[in-house]
Structures are given as structure tokens and as C-alpha cells.
Amino acid sequence: MRFSPLFTILVCWVVLVALHAPAAPIVSDDWYVDEGWDIKKEDGTTPAFGTHTEPDSTLSGNPVPALKIARSSGSGVENDYVYDSGNLVGNWANMGGSVVQSITFDFYAGAGGAVDHPAGLRLYFKAGSGNVWYYNFVVTDLVSGWGSSYGANINPTTPLTGWWTTGDDSLWQSDFTNVNEVGIWISYQPNYANQIYGLDNFTLHDTPIPEPETYLVLGAVFLSLAIMFRRNLDASLAWLRGRFRG
Ligand SMILES: [Ca+2]
């Protein structure tokens with residue numbers, strides 16, 4: 001089977017674009033200004049164990065500035081919520097109405113000590129019903145310093161794998177349209193002082209983030225196409241070179 005050089009180039013381009021298509025952001029907090037986030041203990045009381053500073057330019061971020069979370073002393077297991085509630089209007093509060101499909105964020109792990117990651121990290125949202133929904137991250141997967149595009153897929157009609165609540169899990173669909181808080185739950189390293197963490201580009205998207213399996217499938221498809229089109233591709237590149245040469 002032979003395809004024209006232009007057709008081959010077009011197919012390769014479409015595949016490459018599909019591989020790199022980013023999720024479209026609905027809302028994104030980048031801390032270029034104070035985004036109005038807050039911090040509290042896991043039981044809801046304040047002051048929290050840690051402090052938050054926004055915007056903070058000492059952590060860099062992508063780009064500068066970001067939100068800084070600091071824990072100056074440590075005594076046993078301590079958990080805080082770092083969250084947005086005051087600015088939950090429109091798309092933030094009604095994630096079902098705006099059809100949120102995923103949430104991603106950049107996270108800075110700078111605990112110091114033996115490892116830089118926190119003892120625990122979850123994405124969470126709290127609904128008007130009182131339900132708190134969590135998505136756990138494997139903290140050993142977090143890179144030291146800034147790591148980008150951590151996140152989870154989320155769906156307005158069905159709780160996706162990974163999301164859980166200790167409350168009534170039949171309320172997912174209605175909880176999704178009545179969000180009071182959204183943010184991260186962080187568990188500090190026990191008994192370790194001067195821990196620094198950070199948050200940037202906390203974003204709600206209208207498309208899912210690709211799972212690693214999706215990349216594998218896309219990779220396999222691309223490889224098959226590459227093998228199929230190899231001869232055509234060689235011809236296409238020669239054709240292109242010829243065009244530019246002359
Ligand atoms: Ca930023």
C-alpha cells in the first residue's frame with residue numbers, strides 16, 4: 001500500500017498532536033496573586049499544624065510564585081487540609097455543571113531529612129452534604145522538589161477508581177454539584193522540623209488526564225503506524241528535503 005508523502009506526514013502529525021494534547025483547563029489557581037486558599041487541621045480546627053503563604057516567591061513554582069506550606073516543628077502524626085473555599089463560585093462549586101473530568105496540580109516536596117516527600121498526600125473535596133471525598137497519592141512516587149501534573153480523573157456521574165469517602169458513597173453525583181472545599185490533605189513527616197511543601201497550578205480540566213496505560217496503548221499504535229509508514233516516511237522525508245532544498 002502506498003500513500004502520498006503529504007498524507008503520510010499529515011497522519012504522523014495528527015498522531016503526534018493527539019499524543020501531546022493537553023487537557024483543557026476550566027479553572028486554574030497559579031498564585032500569581034493570592035488565590036484565597038486556607039489551611040486547617042484535619043479535625044477542622046485552627047490554627048493548623050502548618051502555615052501557608054500565598055503568593056510565595058521563594059519556592060519558584062512554574063512559573064513563580066506558588067503557595068508555600070511550612071511546618072516548623074513536628075510531634076507525631078499531624079494532618080492538615082490546604083484548600084479553597086471562599087472562592088468557590090461557578091465552575092469550582094458545581095464540578096458536575098462544568099463537567100470536570102480531571103484535577104491536576106504541581107507539588108513541591110521539600111521535607112528535608114531522609115526523604116523529601118510528606119508522609120501522606122491526598123486530593124480532596126468536601127461537599128455540602130458533609131461528605132469528604134479523597135484520592136490518595138503514593139508518596140514515594142513524588143519527586144524531590146517540584147513535580148508537575150500530579151492529579152486524578154474525576155467524573156460527574158460515577159466515582160472513578162481511587163476516590164473514596166468514609167461517608168455515604170451513594171451521594172457522589174449530588175456531592176459533585178455542591179462542592180464547599182477543594183484542595184489537598186497533607187500528612188507531615190512525624191517528629192521532623194522545618195518541612196517545606198508547595199502547590200502550584202491547581203487546575204480543573206474538562207477532559208481526563210491520560211493514564212499510563214493510555215500512553216502505552218498510544219505508544220503501541222504509534223509504533224505500528226511507524227512500521228506501516230516507514231517506507232512512506234523515508235520517501236516523505238526525502239520529498240520534504242527536496243522541497244526545502246529547492
Ligand atoms: Ca505559579
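Read the figures in this text as sums done on the coordinates, not as results from a lab. Note that the coordinates shown come from a computational prediction; the quantities given were computed from them, not determined experimentally. For neighbour counting, all protein chains shown are included, and Cβ atoms are generated from backbone atoms with ideal geometry for every residue, glycine included.
The table that follows gives values for the structure above.
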item	result
Segments 138-149, 87-98 sorted - mean Cβ within 10 Å per residue, highest first	87-98, 138-149
Derived scalar couplings ³J(HN,Hα) [region 164-169; Karplus, 6.51 cos²θ - 1.76 cosθ + 1.60; whole Hz; x for Gly, Pro]	8, 9, 8, x, 8, 7
Over region 74-181: Kirkwood hydrodynamic radius from C-alpha pairwise inverse distances, Å	15.0 Å
Estimated FRET transfer efficiency (Thr140, Ser75; beta-carbon r; R0 25 Å; 0.05)	0.60
Ordering of 65-74, 167-176 by packing [mean C-beta count within 10 Å, highest first]	65-74, 167-176
Average silhouette area of region 24-208, convex hull of alpha-carbon atoms, in square nanometres	9.6 nm²
Interchain or long-range residues, amide H under 5 Å from Gln101's placed H	His205, Asp206, Thr207
Linear extension gain, Leu240 paired with Thr166, 0.36 nm per residue minus alpha-carbon span	20.7 nm
Peptide ranges 182-190, 30-38 listed from the most packed, as the mean C-beta count within 10 angstrom indicates	182-190, 30-38
Estimated vicinal HN-Hα couplings, Hz - region 68-73 in sequence order (Karplus 6.51, -1.76, 1.60; Gly, Pro = x)	9, 10, 10, 10, 7, 9
